[in-house]
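Encoded as structure tokens, the structure appears first; notes follow it.
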Amino acid sequence: MFRSVVTEQVSYVNAPVLAEERGITVQLVTDESTERFRNVITLRGTLRDSTVVTVSGTLSGVDQEHKLTEVFGHALDVPLSDHLLIIRYEDGPGLIGQYGLRLGEAGVNIAGMQVSRAGRSRGAEALVVLDLDESVDREFAEELGAAIDARSIHAVDLVY
């Protein structure tokens, strides 16, 4: 997490110190039995509006692929990519088509996606992580979110 914000080398040894210097609390929790993944790291933060955000990830497989395993409490198994769009909304028919159409009209290709729904019923909160071929700006993301009445929408550009 710190590689793109500090000039010094980041290691497993100095990462906790770098976190502490920046007011970030680090807690190591170990459990010999896990349900889904052998190793998971979870980041929790609070936005300006007091919304608590959680994101979990792991390294998976022989190639140690970086994957998202949880966002906002929704279970996922999504490979990390450079450009992600994360949308939370009330599930219902046609919504995937709506945001897919708007992205297509803007010339933005969806390279991959995963939808996770909290519960089995229509109307439950859904979260989608879209792997995009290019970045979308904040204004476009906000317009897209408003068009589908999203609870939240986040354009994420990763540098790692």
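The values are calculated or read from the model by the stated rules, or taken from the named source; none is laboratory data. Quick caveat: nothing in here was measured; it's all calculated off a predicted structure. When we count neighbours, we look across all protein chains shown, and the Cβ atoms used for this are built from the backbone with ideal geometry, even at glycine.
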Go through 46, 51 for me and flag whichever is surrounded by fewer than 16 Cβ atoms within 10 Å (Cβ to Cβ), among the hydroxyl-bearing types (Ser, Thr, Tyr) and within 17 Å of residue 155 (Cβ to Cβ). 51
Do any residues in segment 103-127 that are modelled with pLDDT under 95 have Cβ atoms under 9 Å from those of residues that are assigned to a loop (DSSP other than H, G, I, E, B) and exposed (fewer than 10 other Cβ atoms within 10 Å of the Cβ), where the two are at least six apart or on different chains, and which pairs are they? 122/93
Mind checking which residues of segment 92-128 are among the β-branched types (Val, Ile, Thr) and part of a loop (DSSP other than H, G, I, E, B)? 108
If you take the residues in segment 1-24 that are closer than 18 Å to residue 66 by Cα and of a type in the set (Ser, Thr, Tyr), which one is modelled with the lowest pLDDT? 4
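Is there a residue being surrounded by 11 or more Cβ atoms within 10 Å (Cβ to Cβ) and modelled with pLDDT under 85 anywhere in segment 66-87?
First pass over segment 66-87, keeping only residues surrounded by 11 or more Cβ atoms within 10 Å (Cβ to Cβ): 66-87.
Checking which are modelled with pLDDT under 85 leaves us with none.
Scanning segment 66-87 turns up no residue that is surrounded by 11 or more Cβ atoms within 10 Å (Cβ to Cβ) and modelled with pLDDT under 85.
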Count - residues of segment 93-102 that are closer than 16 Å to residue 144 by Cβ, in contact (Cβ under 8 Å) with a residue 12 or more places away in the chain and not aromatic (Phe, Trp, Tyr): 4
I want to confirm something. Restricting to segment 31-43 and keeping residues that are surrounded by 10 or more Cβ atoms within 10 Å (Cβ to Cβ) and over 12 Å from the mean Cα position of the chain (by Cα), which single residue is nearest to residue 125 (Cα to Cα)? 36
Only listed residue being of a type in the set (S, T, N, Q), without any contact (Cβ under 8 Å) to a residue 60 or more places away in the chain and closer than 30 Å to residue 23 by Cα, chosen from 51, 46: 46
Under the condition of being farther than 20 Å from residue 97 by Cβ and in a loop (DSSP other than H, G, I, E, B), which residue from segment 129-140 is nearest to the chain's Cα centre (by Cα)? 135
Of the numbered conditions (1) closer than 23 Å to residue 61 by Cβ; (2) not small (Gly, Ala, Ser); (3) not in a strand (DSSP E or B), residue 144 satisfies every one except a single condition; which is it? (1)
